[in-house]
1. What does the extension gain come out to for Lys382 and Phe417, with contour length at 0.36 nm per residue minus their alpha carbon separation?
2. Rounded to the nearest 0.05, what FRET efficiency do Ile454 and Gln429 give with R0 = 30 Å and r taken as the Cβ-Cβ distance? Could you check?
3. So how do 231-237, 324-330, 283-289 stack up, highest first, on mean other-Cβ count within 10 Å?
4. Name the lysines eligible as straight-distance cross-link partners of Lys443: C-alpha to C-alpha under 21 Å, and not fewer than 8 places from it in the same chain.
5. Relative contact order of region 318-391, please, whole-number percent, based on alpha carbon pairs below 8 angstrom and at least 6 residues apart.
6. Whenever you get a sec, line up Met349, Met110 from highest to lowest accessible area (probe 1.4 Å, protein heavy atoms).
7. Mind checking the full-extension length gain between Val297 and Leu79? Use 0.36 nm per residue of separation minus the Cα-Cα distance, one decimal, nm.
8. Calculate, for region 182-283, the solvent-accessible area per residue in square angstrom, rolling a 1.4 angstrom probe over the heavy atoms of the protein chains.
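The values are calculated or read from the model by the stated rules, or taken from the named source; none is laboratory data. Quick caveat: nothing in here was measured; it's all calculated off a predicted structure. Positions of Cβ are backbone-derived with ideal geometry, glycine not excepted, and every protein chain shown enters the neighbour counts. Each accessible area value is taken on the protein alone, full model and side chains, heavy atoms only, with ligands, DNA and RNA left out. Shrake-Rupley method; radii C 1.70, N 1.55, O 1.52, S 1.80 Å.
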Amino acid sequence: MLELRHRGGGPGPGGVVTPPPLEGEAAGGDHETESTSDKETDIDDRYGDLDSRGDSDIPEILPSSDRTPEILKKALSGLSSRWKNWWIRGILTLTMISLFFLIISMGSFMLMLLVLGIQVKCFHEIITIGYRVYHSYDLPWFRTLSWYFLLCVNYFFYGETVADYFATFVQREEQLQFLIRYHRFISFALYLAGFCMFVLSLVKKHYRLQFYMFAWTHVTLLIIVTQSHLVIQNLFEGMIWFLVPISSVICNDITAYLFGFFFGRTPLIKLSPKKTWEGFIGGFFSTVVFGFVAAYVLSKYQYFVCPVEYRSDVNSFVTECEPSDLFQLQSYSLPPFLKKILKWETVSMYPFQIHSIALSTFASLIGPFGGFFASGFKRAFKIKDFANTIPGHGGIMDRFDCQYLMATFVHVYITSFVRGPNPSRVLQQLLVLQPEQQLNIYKTLKTHLIEKGILQPTLKV
């Protein structure tokens, strides 16, 4: 069990914190002459000290066991720890990238399941840290309520997704119509039930700690679940908006590590001593080039550029469309200094490649701050990694700490600079209306098109 230490007290049996004796309190219990109100005040003060302890008083979580496969340990046994870690990270990285390609080939639905699985594992890793830190206090219902709130928030977000993108399917299912119609009320009622359970679980002497953990759970939900929902929203805009940002972060992570490993000399930030300026700069240029090339390759295929839509007639997701102007080759005039160097007047490329430069720049310059934030979090709780799920890499959260920040940026970028009206989404909303409402919209649209001269007025006989 973890040993928690705080000012004025010491670890008791099993490492549980034993608060200092109250003034005038005997070893066997309280003096009967002490008033009840005074005792309550002193108890609150003693346990309140636990809330104000410094970083040096945070318990050190024992390092997790090494999960490196035995075959790798034997094969790399003759190498130094530095090079052994390099090979383990490299082999596992190639394995994960290969699995990622396999899931991409299986379609958008499998990518959504992958996002959901990563979300749950990241949530589990962060909540587990909180549980380990405060395990000695035996806070009631902490983990149960944390997982309950995760279910509630996922129910809300995925329900919103179903309502937005599966309208024609919902129209055919009567039970789903009820759930979608009252979806937000049901979501709120489920959250209220969890809120009431939390209030009922409050225990005297642990009020502050319980509210700390309540906030811990909600901040984790904000960081993990909200961002994963935005990842899925980006995916519906077209798989390319999912793949280019994610692969740019992966590329930056790999190339920054390689540049830092071989050329790193100058420390970048104290929060993460192994990060170097050489790795940061090398990762930036490598990521921008990678994003530009990846955008060019993916823009050629409908499978990647078309918005992901659910077709009720075939009961599956489809990626078929006439590619938008973003994914049509355009000719661009080069600046004068580049004309002299390259001897070209114009260059042909996809407009999306210009957007890829913005995405790659964010992934390499701002994205790493998600990793620095995670490093600060781990240092605060004296842990090396969030978990030991992936040998040489740590936990799932250690690999995706930059991805969540990237997901928010991509969503904001699309809504601000790219997205226009979505005809298919408007059509899905029209199909769920009553016949009279559809007829009124038809008449209004027809009148509007006639006034603009797009349609010829019907001659009355």
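1. 8.5 nm
2. Values: r = 22 Å, r/R0 = 0.74.
It comes out at approximately 0.85.
3. 231-237, 283-289, 324-330
4. Answer for Lys443, where 21 Å is the Cα cut-off: Lys452, Lys460, listed by chain and number.
5. 23
6. Details: Met349 30, Met110 65 Å².
Ranked from most to least accessible, the order is Met110, Met349.
7. Stretched out fully, the Val297 to Leu79 stretch lengthens by 74.6 nm.
8. Working: 5030 Å² over 102 residues.
Computed with neighbouring chains in place, this is 49 Å² per residue.
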